Amino acid sequence: MLDRATLLERTVHVMQQNRQRTDGHTYTVPSTSSYPYQWFWDSCFHAIIYTHFDSAAAKDELRSLVAHQHSDGFIPHIACWQKHPTLSVNLCLDDTSGLIQPPLIAYATWRAYEPDTDEAFLAELYEPLAKYYQYLLRERDVREIGLIGIVDPDESGEDNSPRYDHLLGLPPHHSAEENFQKRMQLAEIHATCELKASCTSKTFWAEDVSMNSFLVQGLFIMSDIATILNKPKEAHQFKDKATKTKTAMRTHMFTDGRFWSLQGLAGDKITSKTLDLFMPLFAGLYSQQEAAALIQNILFDEGSYWLPHGVPTTAKDDPAFDPTEPNWGEHWQHPTWRGPIWMSMQWFLYYGLKKYGFHEKAAELKQKSLRLIEQSGFREYYNPLTGEGMGSIGFTWGGLTLDMTGGE
Ligand code: GLC
């Protein structure tokens, strides 16, 4: 089994290879060949990975992430610091994208602060972060019920997840090319709507359990940061906002012992079996009793989620389940969330299990994750039935396994 020293060495190597410097900023690209730009939630993961061997790099990763913030608070999900000769056409017409990604930045900032409790760093990031969370609450609560929504599948980070098939008008089985084309059509709507969610939401609108869980957690962390920075009024306001979304999740998303993502402006339930229902474990939003039932009855089901090599992004018994890599297009055109294992999800689940006291199963998930790295290296995603590595190579997210080791 991969020991921590070897894992550390391999992680440092991948992160160093992928780290870039432009205009005085440093940031890390997820993969030099397939993803040569800075991505939002990737950089949050990178900051967490860096806390294990380079706390200055962790902070710089987040500084460069907020460097492309717009005056209204928006932070793009892709920042194209240097245009890539072939990938610039589709991904970076302008210098950045016009979409968001899962709002993990407050959590990542907290993790980057922890090693040396650097209050000056918190003070530096506080205003950009406060503006960003205010932007989300102002622009993305289109139904005005306290939940934020997404206007494109890519905003969830789970680009082709079956959660969005219905909204895109796709059947459970379709080609990677069809999925890509549908998402490209949405890009035209974004342009017509000038990136206003109030307009785009008429075509595509999903209130995701994952996005809202990360939002609630982020707002509570913002409250803690404001307290440390001696801003009691703002600390109180952030806590209020966190509580409002937490309550809205209960009111609108919670039935039959679990949270459900919603779609369309009528807020219909999304019933596909992905991993959204488990993200409130990471954010601590289930009661102990709810979590225990969910984990034992759903997560540990070996015909569904608890597979030989880890937890698949779409359950094995969902009609859309496909554990393989599409044989069409470039890697960046078909990241697949319809079955393969992605290391970020293993990591969320690991922390979720630990939070509710399932230490043995958390350790089992960690061992499976380490085996994937040992067997298949730092790949974009893995086949949950065979452990085969797929998608791009030299992909940074494998470094999250470092954050799963050494703590117990
Ligand atoms: C793919 C993934 C997305 C990630 C991006 C860069 O598009 O689906 O979650 O942020 O690659 O790694």
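Some points to look at:
- With respect to the conditions (1) away from the ligand (no atom under 16 Å from the Cβ); (2) of a type outside the set (Val, Ile, Thr); (3) assigned to a loop (DSSP other than H, G, I, E, B); (4) surrounded by fewer than 17 Cβ atoms within 10 Å (Cβ to Cβ), Gln16 lacks only one, and its number is (3).
Yes or no, residue by residue, for (1) modelled with pLDDT of 95 or more; (2) within 16 Å of the ligand (Cβ to nearest atom); (3) in contact with a His (Cβ under 8 Å, 6 or more places away or on another chain):
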residue	(1), (2), (3)
Ile341	yes, yes, yes
Ser344	yes, yes, no
Leu372	yes, no, yes
Glu388	yes, no, no
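- Failed criterion for Asp23 (all others in (1) away from the ligand (no atom under 14 Å from the Cβ); (2) acidic (Asp, Glu); (3) at negative phi hold): (3)
- Selection within the stretch 248-262 - in contact with an Asp or Glu (Cβ under 9 Å, 6 or more places away or on another chain) and under 21 Å from Pro162 (Cβ atoms): Met253, Arg258, Phe259, Trp260, Ser261, Leu262
- Residue that is surrounded by 20 or more Cβ atoms within 10 Å (Cβ to Cβ) and closer than 25 Å to Ala108 by Cβ, where the choices are Thr314, Thr274: Thr274
- Residues being touching a residue at least 12 places away in the same chain (Cβ under 8 Å) and either touching a Lys or Arg at 6+ places or on another chain (Cβ under 7 Å) or more than 26 Å from Ser34 (Cα to Cα) (or both) are represented in the stretch 321-341 by at least one member.
- Only one entry in Tyr107, Tyr133 is in a helix (DSSP H, G or I) and within 18 Å of Thr247 (Cα to Cα), namely Tyr133.
- Some residue of the stretch 35-44 being farther than 28 Å from Ala130 by Cβ, modelled with pLDDT under 95 and either of a type in the set (Lys, Arg) or within 16 Å of the ligand (Cβ to nearest atom) (or both): yes
- Selection from the stretch 275-302 of residues that are over 30 Å from Ser392 (Cβ atoms), out of contact with any helix residue (DSSP H, G or I) (no Cβ under 8 Å at 6 or more places or on another chain) and either free of Cβ contacts under 8 Å to residues at least 24 places away in the same chain or aliphatic (A, V, I, L, M) (or both): Ser287, Gln289, Ala292, Ala293, Gln296, Asn297, Asp301
- In the stretch 54-65, of all residues being closer than 25 Å to Ala5 by Cα and touching a residue at least 60 places away in the same chain (Cβ under 8 Å), the one that is farthest from the ligand (Cβ to nearest atom) corresponds to Ser55.
- Comparison of Thr227, Thr245 shows that the only residue that is farther than 23 Å from Ser161 by Cα, in contact (Cβ under 8 Å) with a residue 24 or more places away in the chain, among the hydroxyl-bearing types (Ser, Thr, Tyr) and assigned to a helix (DSSP H, G or I) is Thr245.
The values are calculated or read from the model by the stated rules, or taken from the named source; none is laboratory data. Note that the structure is a prediction, hence the values are computed from the model and not measured. Cβ: placed from backbone, ideal geometry, glycine included. Neighbour counts: every protein chain shown.
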